[in-house]
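Asks: Can you keep this structure in mind? I'll have questions shortly.
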Amino acid sequence: MNVRRLDQCEHGKTRPLWEEVFTEDTQAFLDYYYYIKTKDNQIYVIEEDEQICSMLQLNPYRLKVEESEFPSAYIIAVATKEAYRGRGFMGALLRRALNDMYEEKIPFTFLMPAAEAIYTPYDFRFIYSQCIGSVDPRVSNVKIREDEEQQFSFTDAALWNAEEMADFFNRYFAPKWQVYAVRDAAYYQTMIMEQQSERGGVRLMRCNGELAGFYAYAAEDGLEIREPLYLDGYEQAFLHSAYELAASVDKINADKNEDGIKIFACPAHMADEKKPVIMARIICLRELLKAMRVHEEEELDCSFAVIDPIIHENSRVWRITSQAGEEQLNVRETEDSEGILPIDVLTEFLFGRVDAGELSGMEGVVMAEHLIKELQKIKKLTKIFLNEVV
């Protein structure tokens, strides 16, 4: 079995496999994806019988983790031709890609799994749950007051609006999150084109000409809204805009939006459910630990061994320390260990899915009391905003 990373000029050769496996994707979306996203992504393949029979793609993102900014990769399009399944191709692709990412000092990679069980054997764990809600314009009487109606306008964003959108996010929303994809003008230009490929766009909400919010939407199979971001006090305006948009795309009928308009990554109070959607895998542990912070006025000093069966460079004894008045962690290798933490367990801990006190009962974990106490001083990465689709 030979795993190969394609040259950029070869990326288009993987489109037939995508079309064969992911039959739900439209030609318009794939035209967008293979023209825009494959210009700078990485694609790993396995070839047999003079054809590409398995692939894995890495789409690059810049991630903010606390005060640090890092390269990362979103894993997508993990696919194998039906006749070649069950031969370990996916595992071979993943192991090669994970170790290559380590060489680039990527702290962690992430993906949206088709099924959790596919990726847990490779030490991926859920780190982000998305709030999902719905609203039904057929039964709602939400409307902007008549005296306010002239103040508001709702229009689709053009590419030249991307810089304004990035400034809006970074001013009003970035401070709320510990982990998120860096939002610059290029990010929002890509989002606009992506949504347009799905018969949608990004809707701008303005009040007296000033940007008050925006949201992504797709209208291929009923109206779906993603990531509404609007200023405090503008929720009625958002709902009014969504209902107005639903009417304009004429998708509210018996077999479309039967449960109302789905809103993904909605505000918590609007959610009908909170669904785990993003799994992550630690790649370069040293870089991730260096980005972590401790609670103010705390001094931390502990050491632990890490077991990583895929990226062996992570399998070291690590000592992490901090000094009074400094939140940043210092990370180095050492010899004396107060415990053992498998890489998957450490992922769940650092991203706040389990508490330090729960670690001792988990498989493969050995913990001294002092280590548990010290690890509790670390600020977990719980404020996460990762709604990327491709």
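The values are calculated or read from the model by the stated rules, or taken from the named source; none is laboratory data. Worth saying up front: this structure is predicted, and the values here are computed from it rather than measured. We place every Cβ from the backbone using ideal geometry, glycine too, and count neighbours over all the protein chains shown. The accessibility values were calculated without ligands, DNA or RNA, using every heavy atom of the protein model including side chains. Shrake-Rupley method; radii C 1.70, N 1.55, O 1.52, S 1.80 Å.
Okay, residues lined up against (1) in a loop (DSSP other than H, G, I, E, B); (2) within 12 Å of residue 330 (Cβ to Cβ); (3) open to solvent by 30 Å² or more (accessible area, probe 1.4 Å):
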| residue | (1), (2), (3) |
| --- | --- |
| 269 | no, no, yes |
| 272 | no, no, yes |
| 276 | no, no, yes |
| 279 | no, no, no |
| 288 | no, no, no |
| 296 | yes, no, yes |
| 306 | no, no, no |
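Asks: Being out of contact with any Asp or Glu (no Cβ under 8 Å at 6 or more places or on another chain) and over 21 Å from residue 351 (Cβ atoms), is that true of even one residue in the range 69-78? Can you show your working first?
Replies: Within the range 69-78, the subset out of contact with any Asp or Glu (no Cβ under 8 Å at 6 or more places or on another chain) is 69, 72-73, 75-78.
Adding the requirement that they be over 21 Å from residue 351 (Cβ atoms) leaves 77-78.
Within the range 69-78 (the criterion being out of contact with any Asp or Glu (no Cβ under 8 Å at 6 or more places or on another chain) and over 21 Å from residue 351 (Cβ atoms)), the answer is yes, since at least one residue qualifies.
Asks: Within the range 168-210, take every residue that is part of a strand (DSSP E or B) and closer than 18 Å to residue 154 by Cα and give me the one that is most open to solvent (accessible area, probe 1.4 Å).
Replies: Filtering the range 168-210 for residues part of a strand (DSSP E or B) gives 179-181, 201-207, 210.
If we keep only those that are closer than 18 Å to residue 154 by Cα as well, we get 201-207, 210.
Details: 201: 3, 202: 1, 203: 33, 204: 2, 205: 2, 206: 38, 207: 18, 210: 127 Å².
Per the criteria, the residue is 210.
Asks: Next question, about the same structure. Of all residues in the range 97-125, which are surrounded by 22 or more Cβ atoms within 10 Å (Cβ to Cβ), part of a loop (DSSP other than H, G, I, E, B) and touching a Cys at 6+ places or on another chain (Cβ under 9 Å)?
Replies: 106, 107
Asks: Can you tell me which residues in the range 308-354 are closer than 27 Å to residue 97 by Cβ, touching a Ser or Thr at 6+ places or on another chain (Cβ under 6 Å) and open to solvent by 30 Å² or more (accessible area, probe 1.4 Å)?
Replies: 317, 352
Asks: Could you tell me which residue of the range 153-167 is nearest to residue 187 (Cα to Cα), considering only residues that are touching a residue at least 24 places away in the same chain (Cβ under 8 Å) and surrounded by 17 or more Cβ atoms within 10 Å (Cβ to Cβ)?
Replies: Selected residue: 162.
Asks: Looking at (1) surrounded by 20 or more Cβ atoms within 10 Å (Cβ to Cβ); (2) at pLDDT below 95, can you tell me which one residue 14 breaks?
Replies: Going through the list (1) surrounded by 20 or more Cβ atoms within 10 Å (Cβ to Cβ); (2) at pLDDT below 95, residue 14 breaks only (2).
Asks: Follow-up question, since we're still on this one. Six or more apart or on different chains, Cβ atoms under 6 Å: show the pairs whose first residue is in the range 361-390 and surrounded by fewer than 19 Cβ atoms within 10 Å (Cβ to Cβ) and whose second is among the polar types (S, T, N, Q) and in a loop (DSSP other than H, G, I, E, B).
Replies: Once the first residue is surrounded by fewer than 19 Cβ atoms within 10 Å (Cβ to Cβ) and sits in the range 361-390, its partners that are among the polar types (S, T, N, Q) and in a loop (DSSP other than H, G, I, E, B) give 383/178.
Asks: Against the conditions (1) under 24 Å from the mean Cα position of the chain (by Cα); (2) open to solvent by 80 Å² or more (accessible area, probe 1.4 Å); (3) among the aliphatic types (A, V, I, L, M), where does residue 216 fall short? Just the number, please.
Replies: (2)
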